[in-house]
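Working notes for the structure below.
The values are calculated or read from the model by the stated rules, or taken from the named source; none is laboratory data. This structure is a prediction, so every number in the text was calculated from the model and none was measured. With ideal geometry, Cβ positions are generated from the backbone for all residues, glycine too; neighbour counts draw on all protein chains shown.
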Amino acid sequence: MKGHVIGVDVGATWTRIALANLHGVILDKYIFKTPREGDRYTIAETITINIIQRYKDSIADVKAVGIGTAGPLELSTGMVINSPNIPMRTFELARPIQDALKKPVIMANDCVAAVWGEKVLGLGKDYSNVVYVTISSGIGGGMIVNDALLLGKMGNAHEIGHTIVDVSGKMKCGCGGYGHWEAYASGVNVPRFAAMLLNEMSISGDERASPVYRAFVEGTLSTEIIYSEAAKGDKLALKIVDKINRYNIAGFENIINLYDPELITIGGAVVLRNREIVFKRIVSGIENSKGVVTSLPKIVITPFEDDIVLVGAISLALLPPQNLIKMLKYIQYI
């Protein structure tokens with residue numbers, strides 16, 4: 001089959017674009033920093049410029065463009081609305097790219113794209129009930145239930161990072177709510193939660209020698225320091241990671257009880273870079289959970305790793321879900 005599709009993954013830190021053939025094989029991939037300053041059109045314009053410059057010789061054969069983006073979304077207009085993890089927060093995305101390229105642009109939440117990628121091209125091919133979860137800058141999910149992609153009235157039926165895992169609401173989320181899973185365990189918020197814990201803890205003399213405590217005192221505490229020291233066996237770091245993983249396990253208990261999946265695939269930098277102390281502890285916690293009311297799903301790391309949303313965006317362009325297409329009102333203008 002002759003022709004191409006383009007996939008776009010708009011993340012809080014990085015944007016990925018890729019050219020793929022009609023079998024979903026990535027032929028070329030390009031990564032650049034997501035713009036953090038500008039107006040409501042800056043991100044769309046930057047993506048368009050990069051696509052035209054990178055793939056000018058292939059654009060004539062492109063059938064469609066798929067986009068997976070951090071949300072929340074207003075799918076009907078192709079906009080991102082009040083994103084807690086992208087500084088411009090509310091911005092135009094799908095329609096300006098469609099207007100410039102004169103190609104259909106199929107847009108969805110990044111994790112919705114990812115779970116569709118698992119269904120079309122990945123481990124979900126043989127399952128009817130699939131969930132994808134990312135623990136990265138934020139926490140998000142995408143769900144397929146009985147072969148139907150879940151979307152909701154605006155395209156936000158999957159914002160699992162904003163489920164409440166702490167009714168005391170000690171931590172404020174980037175969205176403005178309190179007690180949300182993302183506020184405790186996402187890459188952006190782990191240092192804030194760790195700082196709160198360190199302020200509350202009784203720190204022993206040995207623990208004061210920890211690089212984690214030193215970074216806390218110096219104001220340089222980061223997610224990378226916490227997890228790297230935990231991986232080395234630092235006791236203070238491990239205490240913090242154990243607290244974080246309690247909220248991760250609660251989040252997965254919620255997912256399993258809500259969606260009854262056969263398969264959960266997991267991605268995102270926090271998981272992919274810390275498999276022993278994050279992924280394996282989540283799986284172990286679920287296996288020993290008393291709070292799951294259905295049979296346990298298979299839980300694995302996505303084989304697409306950092307490219308999962310990109311693969312999902314490509315899958316949206318190759319085989320758009322019809323319930324999604326019906327929501328994308330801007331497509332009628334092409």
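Find all pairs meeting these conditions: Cβ atoms under 8 angstrom apart; at least six residues apart or on different chains; first residue within the stretch 218-235 and in a helix (DSSP H, G or I); second residue acidic (Asp, Glu).
ALA231/GLU276; LYS235/ASP206; LYS235/GLU207
Among (1) out of contact with any strand residue (DSSP E or B) (no Cβ under 6 Å at 6 or more places or on another chain); (2) under 26 Å from ALA113 (Cα atoms), where does GLY155 come up short?
Failing condition for GLY155: (1).
Kindly list the number of the only condition in (1) aromatic (Phe, Trp, Tyr); (2) in contact with a Ser or Thr (Cβ under 9 Å, 6 or more places away or on another chain); (3) modelled with pLDDT of 95 or more that fails for TRP14.
(3)
When you go through (1) surrounded by fewer than 15 Cβ atoms within 10 Å (Cβ to Cβ); (2) in contact with a His (Cβ under 9 Å, 6 or more places away or on another chain); (3) within 23 Å of TRP116 (Cα to Cα) one by one for ASN21, which number turns out not to apply?
Only one criterion is unmet by ASN21, namely (1).
Out of curiosity, is ILE97 surrounded by fewer than 24 Cβ atoms within 10 Å (Cβ to Cβ), aliphatic (A, V, I, L, M) and out of contact with any helix residue (DSSP H, G or I) (no Cβ under 8 Å at 6 or more places or on another chain)? Talk me through it step by step, then tell me what you get.
Values: surrounded by fewer than 24 Cβ atoms within 10 Å (Cβ to Cβ): yes; aliphatic (A, V, I, L, M): yes; out of contact with any helix residue (DSSP H, G or I) (no Cβ under 8 Å at 6 or more places or on another chain): no.
No: the conditions fail for ILE97.
Is it fair to say ASP242 is surrounded by 21 or more Cβ atoms within 10 Å (Cβ to Cβ) and modelled with pLDDT of 95 or more? Quick ask: steps written out before the conclusion?
On the way: surrounded by 21 or more Cβ atoms within 10 Å (Cβ to Cβ): no; modelled with pLDDT of 95 or more: yes.
No.
Tally the residues that are surrounded by fewer than 22 Cβ atoms within 10 Å (Cβ to Cβ) and on the phi > 0 side of the Ramachandran plot, restricting the search to the stretch 245-284.
Residues meeting the conditions: 1.
Taking the options ILE31, ILE97, ILE59, name whichever one is in contact with a Leu (Cβ under 8 Å, 6 or more places away or on another chain), touching a residue at least 12 places away in the same chain (Cβ under 8 Å) and aliphatic (A, V, I, L, M). Before the answer, list the steps.
On the way: ILE31 fails: in contact with a Leu (Cβ under 8 Å, 6 or more places away or on another chain); ILE97 fails: in contact with a Leu (Cβ under 8 Å, 6 or more places away or on another chain).
Going through ILE31, ILE97, ILE59 in turn, the sole match is ILE59.
Anything in the stretch 47-88 that is crowded, with 17+ Cβ neighbours inside 10 Å and closer than 14 Å to ASP9 by Cα? List them, or say none.
Result: ILE47, THR48, ILE51, VAL65, GLY66, ILE67, GLY68, THR69, ALA70, GLY71, VAL80, ILE86.
Going through the stretch 202-217 one residue at a time, which ones are assigned to a loop (DSSP other than H, G, I, E, B), out of contact with any Asp or Glu (no Cβ under 8 Å at 6 or more places or on another chain) and under 24 Å from GLU276 (Cβ atoms)?
Step one: filter the stretch 202-217 for residues assigned to a loop (DSSP other than H, G, I, E, B), giving 202-204, 209-210.
Narrowing further to those that are out of contact with any Asp or Glu (no Cβ under 8 Å at 6 or more places or on another chain): 202-204, 209.
Passing the criteria: only ALA209.
Give all pairs with beta carbons closer than 7 Å in which a residue from the stretch 119-138 that is surrounded by fewer than 23 Cβ atoms within 10 Å (Cβ to Cβ) meets a residue that is part of a helix (DSSP H, G or I) and among the β-branched types (Val, Ile, Thr); count only pairs at least 6 apart in sequence or on separate chains.
LEU121/VAL311
Which ones in the stretch 158-201 are among the charged types (D, E, K, R), part of a loop (DSSP other than H, G, I, E, B) and under 18 Å from ILE282 (Cα atoms)? Working first, answer last.
Initial filter on the stretch 158-201 (among the charged types (D, E, K, R)): 159, 166, 170, 172, 182, 192, 200.
In the following step, the residues that additionally are part of a loop (DSSP other than H, G, I, E, B) were identified as 159, 166, 170.
If the condition is that a residue be among the charged types (D, E, K, R), part of a loop (DSSP other than H, G, I, E, B) and under 18 Å from ILE282 (Cα atoms), then ASP166 is the only one that fits.
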